[in-house]
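Have a look at the structure below before the remarks.
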Amino acid sequence: MKKLTGSKTKTAVFISGTGSNLKNLINFSYKKNSPISIDLVISNTKKANGLTYAKKNNIEKKIISFNNQNKSEKKIINILYLKKIKLICLAGFMKILSKKFIKKFNGKVVNIHPSLLPKYKGLNTHKRALENNEKFSGCTVHYVTSKLDSGKIIMQKKIKISKIDNVSSLKRKILKKEHKLYPEAIRKILS
Ligand code: GRF
């Protein structure tokens, strides 16, 4: 049975940059049978272009610097409680959340990463995959722990690397897959 709008899982998206995944998740949340509503966007920098999608869609946004991680996380926890957020989707968020934060937030925290984890954790995934002459790459949605890109894998999508691929073509191909994968993975964990 389809979920009614009122019963959608209140979700926060954490970003630091372009926000194409945020945009995609907002569009997904508008679908009638989507299990989530996006109620909050958090960015650690005011320079994140993705913030424009929050503005355009009238979604509350908070910029929290993370200069003092402990204080920032406390602030975020308060907002999450106030807004009854039950799911956090990290989407290009460049900070590592503490164990304490993940434990305190009594919900689910997931992330999307542009590689076939456990391969190529961290930054520059496409460059490293190309340098290693990988035949395949892809993207992964996983649960977040305080260890970088290491939590339990929820879903992956694979793409073939062609001989003419470079960092930007690979990035483009994988982002396209990411936009399919993130909604599917969210459906999976909320069903
Ligand atoms: C994506 O490739 C995501 O997998 C990674 O950071 C990138 C964010 O892109 N964690 P965008 O800001 O959603 O466009």
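The values are calculated or read from the model by the stated rules, or taken from the named source; none is laboratory data. The structure presented is a predicted model; accordingly, all values stated were derived computationally and were not measured. Methodologically, a virtual Cβ is constructed for each residue, glycine included, from the backbone with ideal geometry; neighbour enumeration extends over all protein chains shown. Accessible surface is based on the protein model in full, side chains and every heavy atom, while ligands, DNA and RNA are left aside. Shrake-Rupley method; radii C 1.70, N 1.55, O 1.52, S 1.80 Å.
Structure above, values below:
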| read-out | value |
| --- | --- |
| Filtered residue count, the range 43-58, keeping only those that are under 12 Å from Gly92 (Cβ atoms) and either in contact (Cβ under 8 Å) with a residue 40 or more places away in the chain or small (Gly, Ala, Ser) (or both) | 4 |
| Residue in the range 119-132 that is of a type in the set (D, E, K, R) and within 12 Å of the ligand (Cβ to nearest atom) present | yes |
| Residue match in the range 23-32 (condition: within 16 Å of the ligand (Cβ to nearest atom) and among the aromatic types (Phe, Trp, Tyr)) | yes |
| The range 135-191: number of residues that are surrounded by fewer than 17 Cβ atoms within 10 Å (Cβ to Cβ), touching a residue at least 12 places away in the same chain (Cβ under 8 Å), assigned to a helix (DSSP H, G or I) and away from the ligand (no atom under 13 Å from the Cβ) | 5 |
| Positions within the range 87-104 being open to solvent by 90 Å² or more (accessible area, probe 1.4 Å) and within 16 Å of the ligand (Cβ to nearest atom), in sequence order | Met94 |
| Residue list for the range 106-115, restricted to those being farther than 19 Å from Leu22 by Cβ and away from the ligand (no atom under 14 Å from the Cβ) | Asn106 |
| Checklist (1) in contact with a His (Cβ under 6 Å, 6 or more places away or on another chain); (2) surrounded by fewer than 19 Cβ atoms within 10 Å (Cβ to Cβ); (3) closer than 18 Å to Val13 by Cβ applied to Gly107, failing item | (1) |
| Ile42 touching a Lys or Arg at 6+ places or on another chain (Cβ under 7 Å), within 16 Å of the ligand (Cβ to nearest atom) and among the β-branched types (Val, Ile, Thr) | yes |
| Search result, residues across the range 30-66 that are closer than 24 Å to Leu190 by Cα, open to solvent by less than 50 Å² (accessible area, probe 1.4 Å) and in contact with an Asp or Glu (Cβ under 9 Å, 6 or more places away or on another chain) | Asp39, Leu40, Val41, Ala54, Ile59 |
| Unique match (being within 16 Å of the ligand (Cβ to nearest atom), among the basic types (Lys, Arg) and at pLDDT 95 or above) among Lys84, Lys62, Lys56 | Lys56 |
| Boolean, Lys119 is of a type in the set (Lys, Arg) and part of a loop (DSSP other than H, G, I, E, B) | yes |
